[in-house]
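Here's the structure, in structure tokens; my notes come after.
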Ligand SMILES: Nc1ncnc2c1ncn2[C@@H]1O[C@H](COP(=O)(O)OP(=O)(O)OP(=O)(O)O)[C@@H](O)[C@H]1O
Ligand SMILES: [Mg+2]
């Protein structure tokens with residue numbers, strides 16, 4: 001019997017969780033039989049590799065393997081897709097057509113999202129499972145087939161039975177053996193392993209250095225609920241790999257990508273031994289930016305004073321060359337750091353309360369910097385955040401959810417808007 005380890009390699013299954021290993025072991029054990037298997041588990045847990053393992057380890061491996069997504073086929077055509085139809089069976093049936101059960105004779109059919117099958121199709125399926133018999137749509141001639149069925153579902157089948165959406169007899173026929181794949185949140189040891197694997201894959205795919213999570217970000221990864229399981233983890237690894245310029249990912253950054261991270265009964269993460277330049281949240285970044293801005297502001301004040309006292313502009317420029325370069329950047333470009341740019345975009349959203357009129361010889365972006373630096377207080381930050389959420393919501397509504405247009409209207413980059421939407425779960 002092939003080992004669990006070699007199966008994992010062959011089917012690119014990552015993880016060492018005991019329950020996952022048990023599921024793979026069960027698949028290996030039932031593979032040589034013709035027993036029907038029902039694979040259960042939440043969306044995105046990795047159910048689709050189980051029927052492939054079963055087929056490839058069975059005596060049917062040289063015959064056909066057909067995967068059918070029952071939820072994706074319209075109700076009106078599913079019987080014809082599965083069982084075929086006779087010429088003239090319905091409008092448009094210009095030819096006799098074979099269905100999957102005929103084509104896969106001797107092989108395996110994977111019925112994904114089996115809970116979505118219409119009740120009439122369920123009756124036909126029960127018959128095939130019981131004695132291998134079926135009828136083409138529009139035909140009265142019984143045909144025989146020898147097909148192994150593996151089905152999968154992410155819905156609660158008992159609920160579906162209770163609501164009379166799924167036949168109880170079919171459920172028991174399909175689930176002679178049930179293989180359950182546990183949700184990712186119950187496979188703690190695998191979470192970071194999977195993340196590192198995906199991060200490395202996406203680093204290669206996008207030709208960028210692989211992202212790496214800081215320790216407290218790893219803790220968040222482990223505590224998050226992962227409602228979309230491995231599919232979601234993979235998507236997040238991809239988003240962070242593509243969107244983040246810094247390759248060291250902090251807790252705050254990761255948090256902004258996780259929807260409803262705050263609702264997951266997470267204990268507050270307390271940062272210990274904070275080093276300089278080490279941020280754990282957006283608010284900390286804001287504070288850092290504000291301190292820097294305060295420094296800039298003092299420098300600007302000095303410069304303005306010089307200008308007021310002295311009307312020889314060139315001389316002032318010569319004497320304050322270092323200061324000017326520091327404030328305006330080399331070649332006169334605004335070379336603000338990334339976090340600063342993002343913070344600026346946040347700050348431009350709410351109307352700043354103007355108490356002190358800034359000097360008139362600075363650009364609008366610096367005016368905002370100036371006001372905010374003078375007035376920031378913690379409570380105010382919170383109410384600004386509420387205002388910001390309000391503004392984003394309204395803009396998204398006005399622009400019918402079109403992020404590009406909303407971002408332009410709000411005067412922020414699309415990337416920042418995307419982050420905000422995630423952060424505030426809009
Ligand atoms: N253990 C794993 N190692 C690596 N990748 C995995 C693993 N499990 C799942 N994946 C990947 O996660 C994604 C989702 O898996 P899959 O399509 O099998 O989910 P599912 O359980 O069928 O979900 P749904 O019920 O929504 O159809 C796929 O891209 C799959 O390759
Ligand atoms: Mg699936």
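Here, each number is a calculation from the coordinates, and none is a lab measurement. The shown structure was predicted, so the numbers you read here are calculated from the model rather than taken from an experiment. Ideal geometry is used to build each Cβ from the backbone, glycine not excepted, and the neighbour counts take in all protein chains shown.
Dividing the alpha-carbon radius of gyration of the stretch 4-182 by the rule-of-thumb value 2.2 N^0.38 Å gives 1.05.
Taking the number of other C-beta atoms within 10 Å as the exposure measure, put 293, 157 in order starting with the fewest.
Arranged by neighbour count, lowest to highest, 293, 157 become 157, 293.
For 400, 419, the sequence from fewest to most other C-beta atoms within 10 Å is 400, 419. When you work out D = kT/(6 pi eta Rh) for the stretch 188-257 at 25 °C and 0.890 mPa s, using the Kirkwood radius from C-alpha pairs as Rh and the Stokes-Einstein form, the result is 208 µm²/s. Distance from a point 7 Å along Cα→Cβ of residue 64 to each backbone N in the stretch 108-142: keep the residues under 11 Å and list them by number. Answer for this model: 108-109.
Look at 175, 3, 256 and count the other Cβ atoms within 10 Å of each Cβ; fewest to most, that gives 3, 175, 256.
Between residue 96 and residue 206, full extension at 0.36 nm per residue minus the direct alpha carbon distance yields a gain of 34.9 nm.
Cα centroids of the stretch 100-120 and the stretch 30-87: 6 Å apart. Dividing the mean sequence gap of close Cα pairs (under 8 Å, 6+ apart) by how many residues the stretch 123-186 holds gives a relative contact order of 25 percent.
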